[in-house]
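Report on the following structure.
The values are calculated or read from the model by the stated rules, or taken from the named source; none is laboratory data. Since the structure is predicted, the reported quantities are computational estimates derived from the model, not experimental observations. Counting neighbours? That spans all protein chains shown, and the Cβs are built from the backbone with ideal geometry, glycine included.
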């Protein structure tokens, strides 16, 4: 997602400074490396860049979902600690706008959603007290062919293309899934909206199929070769239904996100091309 936003910003003529970890994969921006100012991903380097450069915007796309070996400390630092230090620097040096990618998940669902919610409350406080414009994009589940392979939709698609058995939950939970390219459009719309103060912006399609329906569609589009065992994986406790209210995005521009069926079909085709 970050690489797609950077590409769009540069295409629109913006100067862009990006933080990077020592192990960051920059392959998606290989052709634009010289168009970006790269700084280390630490608060001190970010503060120095903000002080010197007079940025109009800070975009926070850092997150830790809590997968694999990630600890609670890792999540709170990525989702709250680091972006808060950058927010402090933005306020200190007069950056007028701060946009953060949050989540449409309920705040009490997980440490990930809770830490994202807490950070948005800091944004509300700073907006009220310091006058910075703070935009919290409450993002629903996004997808794209170049997502990490261990995420849910890419892993299911690759397994079904290979004819492997797939174990899932019953899939009764509803999810508003949105193409990554549409998320980039939403970011651009918010940046260009001229809205002031603290703003929460739901980002999704406004339609929420069940996960079971999504799985059935993938199964059809990949040739019905896999055995899908729904219910083999237990549902997480308090699994929510999620759908975005798209009224705000519709009020600031033309918001016509891709239909999820067409988007998944396109994603499958792109993954197949990448395998050939």
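Go through the stretch 155-165 residue by residue and tally those that are part of a helix (DSSP H, G or I) and surrounded by fewer than 19 Cβ atoms within 10 Å (Cβ to Cβ). Write out each step before concluding.
Within the stretch 155-165, the subset part of a helix (DSSP H, G or I) is 155-161.
So of that shortlist, the ones also surrounded by fewer than 19 Cβ atoms within 10 Å (Cβ to Cβ) come out as 155, 158-159, 161.
Residues that pass the stated criteria total 4.
Within the group 155, 159, which residue is within 18 Å of residue 267 (Cα to Cα), modelled with pLDDT of 95 or more and within 22 Å of the chain's Cα centre (by Cα)? If you could, list the steps in order and put the result at the bottom.
Values: 159 fails: within 22 Å of the chain's Cα centre (by Cα).
Of the residues listed, the single one that is within 18 Å of residue 267 (Cα to Cα), modelled with pLDDT of 95 or more and within 22 Å of the chain's Cα centre (by Cα) is 155.
Could you count how many residues in the stretch 8-24 are within 19 Å of residue 60 (Cβ to Cβ) and free of Cβ contacts under 8 Å to residues at least 12 places away in the same chain?
Qualifying residue count for the region: 2.
Scan the stretch 4-24 residue by residue and report those that are more than 17 Å from the chain's Cα centre (by Cα) and over 24 Å from residue 47 (Cβ atoms).
11, 12, 13
For the stretch 243-256, which positions are closer than 24 Å to residue 171 by Cβ and touching a strand residue (DSSP E or B) at 6+ places or on another chain (Cβ under 6 Å)?
Those that are closer than 24 Å to residue 171 by Cβ and touching a strand residue (DSSP E or B) at 6+ places or on another chain (Cβ under 6 Å): 244, 245.
Given the criterion touching a helix residue (DSSP H, G or I) at 6+ places or on another chain (Cβ under 8 Å) and surrounded by fewer than 13 Cβ atoms within 10 Å (Cβ to Cβ), identify the matching residue among 37, 18. Working first, answer last.
Values: 18 fails: surrounded by fewer than 13 Cβ atoms within 10 Å (Cβ to Cβ).
None of the other options fit; the residue is 37.
Would you call residue 176 touching a residue at least 40 places away in the same chain (Cβ under 8 Å) and either out of contact with any strand residue (DSSP E or B) (no Cβ under 6 Å at 6 or more places or on another chain) or more than 30 Å from residue 120 (Cα to Cα) (or both)?
So residue 176 fails the test.
Conditions first: (1) under 28 Å from residue 52 (Cα atoms); (2) modelled with pLDDT under 95. Residue 70 passes all but one, so which condition is the exception?
Of the numbered conditions (1) under 28 Å from residue 52 (Cα atoms); (2) modelled with pLDDT under 95, the odd one out for residue 70 is (1).
How many residues, within the stretch 94-122, are crowded, with 16+ Cβ neighbours inside 10 Å, more than 12 Å from residue 60 (Cα to Cα) and more than 18 Å from the chain's Cα centre (by Cα)?
Of the residues in the stretch 94-122, the ones crowded, with 16+ Cβ neighbours inside 10 Å are 95, 97-105, 109-117, 119-120, 122.
With the extra rule that they be more than 12 Å from residue 60 (Cα to Cα), the set shrinks to 95, 103-105, 109-115, 117, 122.
Subsequent filtering for residues that are more than 18 Å from the chain's Cα centre (by Cα) retains 95, 122.
Total meeting the criteria: 2.
Does the stretch 65-86 hold any residues that are crowded, with 17+ Cβ neighbours inside 10 Å and more than 13 Å from residue 42 (Cα to Cα), and which are they?
66, 75, 76, 79, 80
Among the candidates 5, 62, 58, single out the residue that is part of a loop (DSSP other than H, G, I, E, B) and either buried (at least 20 other Cβ atoms within 10 Å of the Cβ) or touching a residue at least 12 places away in the same chain (Cβ under 8 Å) (or both).
Working: 5 fails: part of a loop (DSSP other than H, G, I, E, B); 58 fails: part of a loop (DSSP other than H, G, I, E, B).
On inspection, the qualifying residue turns out to be 62.
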